[in-house]
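Below is one structure, written out as structure tokens; the observations come after it.
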Amino acid sequence: MASPRRNASHGEAARSDSSPTYTPATPRSRFAAEFSPEAFDEPGAGEAPSAKESVTATVRFRPLSSREIRQGEEIAWYADGETIVRSEHNPNIAYAYDRVFGPTTTTQQVYDVAAQHVVGGAMQGINGTIFAYGVTSSGKTHTMHGDQRSPGIIPLAVKDAFGIIQETLNREFLLRVSYLEIYNEVVNDLLNPAGKNLRIREDLQGTFVEGIKEEVVLSPTHVLSLIAAGEEHRHIGSTNFNLLSSRSHTIFTLTVESSPFCESNEGETVTFSQLVQRVQGLKQQEHAGRKGLISIKVC
Ligand SMILES: Nc1ncnc2c1ncn2[C@@H]1O[C@H](COP(=O)(O)OP(=O)(O)OP(=O)(O)O)[C@@H](O)[C@H]1O
Ligand SMILES: [Mg+2]
């Protein structure tokens with residue numbers, strides 16, 4: 001996520017030297033798991049399950065709002081091709097990402113390129129996280145939640161997950177969701193109003209939030225209604241830049257369990273994975289990072 005706001009104070013804008021043409025933002029490795037039913041083939045005895053790991057970084061520019069246009073704001077950074085972000089003021093300052101989306105890109109296009117493979121991977125048993133990060137008003141909520149007209153990454157992912165289940169006739173699935181917010185460094189359960197100030201614990205399986213409610217979900221509508229109910233409990237406010245600013249960070253987790261669909265359950269292997277979607281603003285990033293609050297581990 002990147003804001004086109006002038007005088008942005010984040011790392012990229014603070015840079016002032018003009019030496020290299022661009023700086024790679026991430027390693028260039030890509031996770032390219034396309035969904036295919038064969039990917040569910042169980043490993044043989046003693047054979048480790050195949051696992052790939054990869055991080056990609058993408059940037060999405062939103063258009064200037066009518067208020068910004070009225071106030072005479074100008075675009076400070078722009079997408080130069082599909083992978084470069086370049087400064088309007090000094091063309092020698094540029095950064096490379098795995099993918100850069102300009103202001104006319106739709107959320108569906110962002111989803112197809114940046115998120116679909118993560119969802120496909122999670123349905124095959126590979127944990128994945130989609131993480132939206134940016135200053136206030138940069139478009140995190142618009143991109144992750146969206147609205148009726150332009151659904152965000154979360155509803156698109158949920159729809160995709162159920163679509164994959166329908167296409168995968170030889171497996172049965174169990175889906176659970178949880179939804180939490182981190183507000184002033186306190187973890188609250190958005191699916192259970194009584195779940196306040198929850199503790200982050202660690203055991204042999206990894207990091208987890210103690211006592212968080214997980215709901216078994218049966219359809220995309222069911223998931224979206226849980227998210228909508230959770231949003232009611234969320235902290236919002238307004239900033240100088242965003243009238244409807246999300247004052248908390250949120251983590252939506254879809255846990256996917258699947259096993260071969262057969263009459264006898266003897267010796268069946270259950271594939272387990274988590275798809276985590278986080279929305280994190282810049283404002284509390286330093287604190288959250290220090291406390292290591294959100295470290296959801298691969299199971
Ligand atoms: N790609 C886009 N196209 C059109 N409008 C957008 C786009 N991205 C964001 N907006 C609009 O910009 C405004 C700010 O976006 P949004 O609320 O998503 O920011 P945010 O990053 O979630 O901010 P905060 O951290 O304050 O919650 C909203 O009115 C939103 O509808
Ligand atoms: Mg927001």
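Answer with one residue from H222, V135, L169: the one whose Cα lies farthest towards the positive end of the charge dipole of region 130-225, charges on Cβ with Lys, Arg +1 and Asp, Glu -1. About the Cα centre, the residue reaching furthest to the positive side is V135. Ranked by how many other Cβ atoms sit within 10 Å of their own Cβ, fewest first, the residues H117, H249, H89, H142 fall in the order H89, H142, H117, H249.
Taken together, the values in this text are just the output of simple stated rules run on the coordinates, not laboratory data. In this text, all values refer to a predicted model and were calculated from it rather than measured experimentally. Don't worry about glycine lacking a Cβ; one is built from the backbone with ideal geometry, like all the others, and counts go over all protein chains shown.
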